[in-house]
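Beneath this line is the structure, given in structure tokens, with notes to follow.
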Amino acid sequence: MAVWRHKHLLGLADLTAEEIELVLSLAGPCKEIFGREIKKLPTLRGKTVITLFFEPSTRTRTSFEVAAKWLGADVVNLSVAQSSVAKGESFIDTAKTVEAAGADVIVVRHAIAGAAKLLAETVRCSVINAGDGAHEHPTQGLLDLYTIKERKGGFHGLRVVIVGDIMHSRVARSDIWGLTKLGAKVTVVGPPTLMPPGIETLGVEVAYELDAALARADGVNVLRLQLERQKKGLFPSVREYARLYGMNAERARRLPPDALIMHPGPTNLGVEITEEAACDPRAVITTQVSNGVAVRMALLYLLAGGKEDGLLS
Amino acid sequence: MPIKAEVMDAGDLRRALFRLSREIVEHNKGVEDLALVGIRTRGVPLAQRLAGLIGEQEGTRIQVGVLDITFYRDDLSLLSPQPVVHQSEIPFRVAEKKIVLVDDVLYTGRTVRAALDALMDLGRPRLIQLAVLIDRGHRELPIRADYVGKNVPTSRREVVHVLLKEIDGEDRVVIEELSAPSVGKET
Amino acid sequence: MDYCLKGGFVVDPVTQRQGKLDVLIRDGRIAAVGPELDPAGAEVFPVAGLHILPGLVDMHVHLREPGREDEETIATGLAAAAAGGFTAVAAMPNTDPALDNPALIAFVLAQAERVGGVRLCAVGCLTKGQRGEEMAELGELVRGGAVAFSNDGVPLPNAEILRLAMEYSKIFGLPILLHAQDAHIGREGVMHEGRWSTVLGLPGIPALAEEVAVARDLLLAAATGAAVHIQHVSTAGAVAMIRQAKEQGIKVTAEATPHHLILTDAAVAAYDTNTKVNPPLRSEADRAALREGLTDGTIDVIASDHAPHTLEEKHREFALAPDGMVGLETSLGLVLTELVRPGLLSLDEMVMKMAVNPRRILGLPEGSLTPGLPADLTVVDLERTWRVDPGLFRSKAKNTPFAGRELVGKAVATFVGGRLVHRE
């Protein structure tokens with residue numbers, strides 16, 4: 001079993017397959033807490049986790065908050081409105097303030113790629129990237145991996161389809177790093193205008209047509225479509241997008257009977273996924289949410305404990 | 001580490017467990033509501049063996065749970081990297097049960113303290129007792145065992161190593177000498 | 001003061017004169033070049049083991065004055081130029097306010113005059129306020145002392161404005177320095193669009209953003225007959241188009257920066273904002289094409305695009321940091337270390353691209369050590385090993401991704417009009 005030596009989690013690109021497996025193996029014992037009457041461990045007693053969100057998010061922030069609280073940490077939530085960023089409140093300044101307030105771990109969400117790394121370079125405490133621009137969302141990647149592992153037992157030879165706005169998706173990137181490292185075959189599907197150049201160099205197949213990819217998929221991860229992309233002319237209309245790339249009952253029928261339907265949430269029902277497809281027995285969207293708490297607990301345990309010696313910063 | 005002395009051989013170990021099983025039944029006046037919980041790692045096979053012995057004697061099946069106490073350790077902030085956590089598997093409700101915690105060696109008492117906390121978080125047992133194969137002294141907390149296979153006086157520079165067939169391929173208890181002073185990891 | 005540079009090795013591709021020769025400077029001009037010259041009263045300046053080059057010119061710098069004196073001033077910028085071995089620089093007009101009228105040109109020239117060191121060539125705005133909407137008063141700018149016009153830093157979305165400006169500029173015979181970039185393609189981009197932008201999740205600027213503009217601008221140049229100079233060429237496609245345009249006789253010249261010739265987009269991997277430049281650091285293939293263009297003559301000039309920014313501006317989120325890196329004090333060392341030393345460029349060719357060609361494009365006196373010419377020259381120690389330490393920069397700004405890099409080759413003395421403006 002691998003040994004964890006990271007001080008921060010900025011992206012799955014930085015982890016080895018063994019390190020990813022280590023987090024996933026720890027998520028199991030963490031998930032056991034869900035069934036308990038008393039969902040509280042003393043593990044991180046006296047530690048302070050500060051969530052620092054420069055982008056609105058209830059799901060990810062809540063998930064981190066629950067994970068940290070169940071592990072016994074104190075949690076402080078800080079949402080920094082985009083307006084105060086626009087007013088010139090510097091990111092570095094905010095970061096230093098949060099650290100001085102006593103954070104042992106900062107969970108950061110920011111609209112700009114690389115912001116989590118900048119934070120990690122600025123503060124002395126641990127930093128968890130909760131999504132930075134279109135770069136990575138490693139804990140979402142881990143919870144997707146854990147969900148697949150829980151249902152499928154492993155990754156080797158598995159075919160996973162990621163469909164949607166790959167270009168702007170940090171979830172897609174974290175999934176791609178994780179899945180390919182663990183031996184799964186990934187196909188990314190979406191319109192060419194939402195496909196980032198050179199994505200195939202990350203070891204994935206690229207397709208513009210969804211139905212053929214679905215027929216042999218062990219799982220499909222349906223990405224949320226940011227509706228403002230249409231205004232920028234990246235695709236002609238939501239209607240057309242839904243017809244070409246939306247997950248609906250008919251497409252669900254094409255999926256193999258034991259395939260998983262995943263979605264990072266929140267869903268735009270009727271756009272990238274219909275309610276029928278989201279309620280399909282193969283859909284694991286709510287399981288993903290619970291698993292999110294479990295993998296975040298595992299990660300907080302790995303990052304928040306221990307002395308600094310022996311850690312890579 | 002050189003082996004300094006053998007404390008128990010396979011026969012000693014078998015006899016000690018047999019005696020412990022008898023004491024547990026006798027002390028609890030039977031096996032009603034009795035369940036055994038082994039502390040990972042070597043408390044688990046010991047609990048399973050004791051449950052087997054008690055079950056044979058009383059003609060019933062004794063439930064066994066597995067407890068991982070890593071999340072409850074009091075030395076996590078001293079360790080790097082963090083120890084690996086395994087699943088706890090308690091396949092019964094602990095509320096109103098008479099629980100016998102089982103571990104291989106009782107030393108500082110810190111593992112047992114963590115195990116008590118872990119167990120209490122799962123519910124409210126009627127009572128908790130402690131069974132250990134070896135009590136080597138040097139307690140750092142006010143904890144004592146209800147059932148002891150063997151008391152072994154040791155120095156802090158020594159390590160008591162319980163070897164079990166299920167894990168190590170043989171049944172044996174040995175004392176080894178540390179070259180550096182013990183950090184109190186062994187409990 | 002008059003000087004006699006003794007014992008140096010003269011490199012002069014214009015006269016083809018090369019060898020161990022002394023250079024006599026009298027009254028600000030080159031008086032004689034020859035073996036074992038008699039100083040005849042001039043101060044002997046020993047340069048044994050050093051190379052004497054015609055004064056280098058960086059024809060693409062931003063000195064930030066007026067408006068952003070916290071980033072750089074004309075005084076600090078020219079001091080940096082002198083330290084980097086440059087005898088003249090062409091200052092881009094995207095200051096605040098932009099240099100779109102003769103009074104501002106005169107102000108900039110007066111500030112440089114006051115410093116009294118490296119020569120400043122003022123470039124005037126091509127359009128009023130650099131807005132790309134109306135032609136600036138080009139004639140007035142020339143009257144004020146401008147030597148070229150440019151839209152540097154701001155794409156020109158309106159091809160008709162550019163066409164008219166090219167036609168009109170023929171009155172003066174001055175070149176138009178073009179920052180060729182499409183106004184819409186990759187507008188939100190912050191780095192080269194390719195594998196690295198995908199990995200890093202940063203919005204990309206495709207090579208096409210430059211190539212569409214270069215194609216358009218070359219067509220306009222061909223149609224109008226104006227002299228155009230494509231600034232900081234960064235893509236393989238642009239190099240190919242410029243090569244073809246030259247073959248067709250279009251009056252076009254082109255420059256490349258040391259950073260585009262040396263770095264690729266892989267340098268952005270750690271989100272170092274000092275690697276954020278516009279045009280962005282491009283792919284391996286683009287860099288190879290640029291180097292090829294440099295050696296086959298498609299790229300006429302190496303210029304630094306010296307773009308000073310404060311620490312605060314650069315120490316922030318990558319996408320929000322301003323574009324640009326400083327170059328005046330690293331340009332020569334980088335070119336010598338990364339291009340000349342490995343044999344990609346001869347010393348002669350380097351002098352052509354860093355002294356002779358920029359002077360010809362800007363209409364300055366020839367870059368040569370010919371008696372009668374102003375004594376602008378750069379003395380270089382080709383063997384000097386040094387480490388880039390932004391703390392030692394004369395420039396106010398420290399924004400360079402080359403900090404800590406070991407370089408071989410450095411300017412050790414700079415003469416402008418016979419005056420010693422820098423000496424190590």
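Of note:
- Probe 1.4 Å - accessible area at B:GLU170, Å² to nearest ten: 80
- Bridges between two residues of the protein assembly as shown, per DSSP, are antiparallel at a rate of about 30%.
- Bins of 10 Å, starting at 0 and running to the largest distance - Cα pair percent for chain C: 5, 23, 33, 27, 10, 2, 0
- At a probe radius of 1.4 angstrom, the accessible area of the protein assembly as shown per residue rounds to 38 square angstrom.
- Accessible carbon and sulfur surface of region C:1-155 relative to its total accessible area, %, 1.4 Å: 51
- For the segment C:200-212, counting C-beta atoms of other chains within 10 Å of every residue's C-beta and taking the mean gives 4.
- Proportion of all alpha-carbon pairs of chain A beyond 33 Å (%): 23
- A:LEU234 accessible area, assembled protein chains, probe 1.4 Å, Å²: 40
- Between region C:126-155 and region A:90-120, the Cα center-to-center distance that results, in Å: 43
- Positive minus negative residues near C:ARG143 (Lys, Arg vs Asp, Glu; Cβ under 15 Å): -3
- Lys/Arg +1, Asp/Glu -1 at C-beta; the protein assembly as shown dipole; positive extreme among C:ALA221, B:VAL112, C:LEU156: B:VAL112
- Average beta-carbon neighbours from other chains, 10 Å sphere, peptide A:37-49: 3
- Using a cutoff of 8 angstrom between alpha carbon atoms and counting only pairs six or more residues apart, the relative contact order for chain C works out to 20 percent.
- Shown is the FRET efficiency for C:GLU383 and C:GLN16, computed with R0 = 41 Å from the Cβ-Cβ distance and rounded to the nearest 0.05: 0.95.
- Estimated D of region B:48-142 in µm² per second, where Rh is the Kirkwood radius over Cα pairs and Stokes-Einstein applies at 4 °C, 1.567 mPa s: 88
- Charged neighbours of A:VAL107, selected by a Cβ distance under 15 Å, balance to +2 (K, R count +1; D, E count -1).
- Here the peptides C:318-327, A:248-257, A:17-26 are ranked by packing, the mean other Cβ count within 10 Å, and the order with the highest first is C:318-327, A:17-26, A:248-257.
- Region C:320-424 shape via C-alpha gyration tensor axes, a/c threshold 1.5: prolate
- Computed log₁₀ I(q)/I(0) - Debye formula, equal Cα scatterers, no solvent, region C:1-148, q 0.11, 0.19 Å⁻¹: -0.54, -1.02
- Shown is the FRET efficiency for B:GLN87 and A:ARG5, computed with R0 = 25 Å from the Cβ-Cβ distance and rounded to the nearest 0.05: 0.60.
- Three semi-axes of the equivalent ellipsoid, chain B, Cα gyration tensor, whole Å, largest first: 26, 21, 14
- Contact order normalised by residue count of region C:5-77, Cα under 8 Å, 6+ apart, percent: 30
- Most to least packed among B:138-144, C:198-204 [average Cβ atoms within 10 Å]: C:198-204, B:138-144
- Residue-averaged 222 nm ellipticity for the protein assembly as shown, from DSSP H runs of 4+ at -39500 (n - 2.57), nearest 500: -9000 deg cm²/dmol
- 21 Å Cα-Cα threshold exceeded, pairs from A:LYS152/A:LYS185; A:LYS69/B:LYS97; A:LYS7/A:LYS117; A:LYS117/A:LYS152; A:LYS31/B:LYS98; A:LYS40/A:LYS152: A:LYS69/B:LYS97; A:LYS117/A:LYS152; A:LYS31/B:LYS98; A:LYS40/A:LYS152
- Spin-label proximity, C:GLU312 to region A:91-118 - amide N less than 18 Å from point 7 Å beyond Cα toward beta carbon: A:91-97
- Projecting the Cα atoms of C:LEU126, A:PHE155, C:VAL147 onto the dipole axis of the protein assembly as shown, where Lys and Arg carry +1 and Asp and Glu carry -1 at the beta carbon, places A:PHE155 farthest toward the positive end.
- Share of Cα-Cα pairs in region C:65-137 lying beyond 20 Å, as whole percent: 29
- Descending by average beta-carbon neighbour count within 10 Å, the peptides A:293-304, C:396-407, C:104-115 line up as A:293-304, C:396-407, C:104-115, the highest first.
- Probe 1.4 Å, all protein chains present, accessible-area order of C:SER234, A:SER57, largest first: A:SER57, C:SER234
- When the accessible areas of B alone and A alone are added and the area of the pair subtracted, with a 1.4 Å probe, the result is around 1900 Å², both sides summed.
- Secondary structure note: in chain A, about 5% of the DSSP beta bridges are antiparallel.
- The separation of region C:215-289 from region C:291-311, counted between C-alpha centres, amounts to 9 Å.
- DSSP beta bridges in region B:16-154 [antiparallel fraction, %, rounded to 5]: 5
- Accessible surface, 1.4 Å probe, highest first, among residues B:HIS161, A:HIS137: B:HIS161, A:HIS137
- Counts of other chain beta carbons within 10 angstrom of each beta carbon in peptide B:81-94 average 5.
- Magnitude of the charge dipole, the protein assembly as shown, Cβ model with Lys/Arg +1 and Asp/Glu -1, debye to 20: 2020
- Over region A:138-293 - Rg/Rh using Cα atoms and the Kirkwood inverse-distance radius: 0.92
- For chain A, the relative contact order works out to 21 percent when only alpha carbon pairs closer than 8 Å and six or more residues apart are counted.
- Lysine pair number, Cα distance threshold 28 Å (strictly under), region C:55-362, separation 8 or more or different chains: 10
- In the frame of its principal axes, the protein assembly as shown has Cα extents of 118, 68, 43 Å, reported largest first.
- Cut-off 11 Å between beta-carbons: net charge of the residues surrounding B:VAL85, Lys and Arg +1, Asp and Glu -1: 0
The values are calculated or read from the model by the stated rules, or taken from the named source; none is laboratory data. This one's a predicted model, so the numbers in the text were calculated from it and none came from an experiment. FYI the Cβ positions are ideal-geometry reconstructions off the backbone, even for glycines, and counts take in every protein chain you see. Heads up: the accessible areas ignore ligands, DNA and RNA and are worked out on the full protein's heavy atoms, side chains in. Shrake-Rupley method; radii C 1.70, N 1.55, O 1.52, S 1.80 Å.
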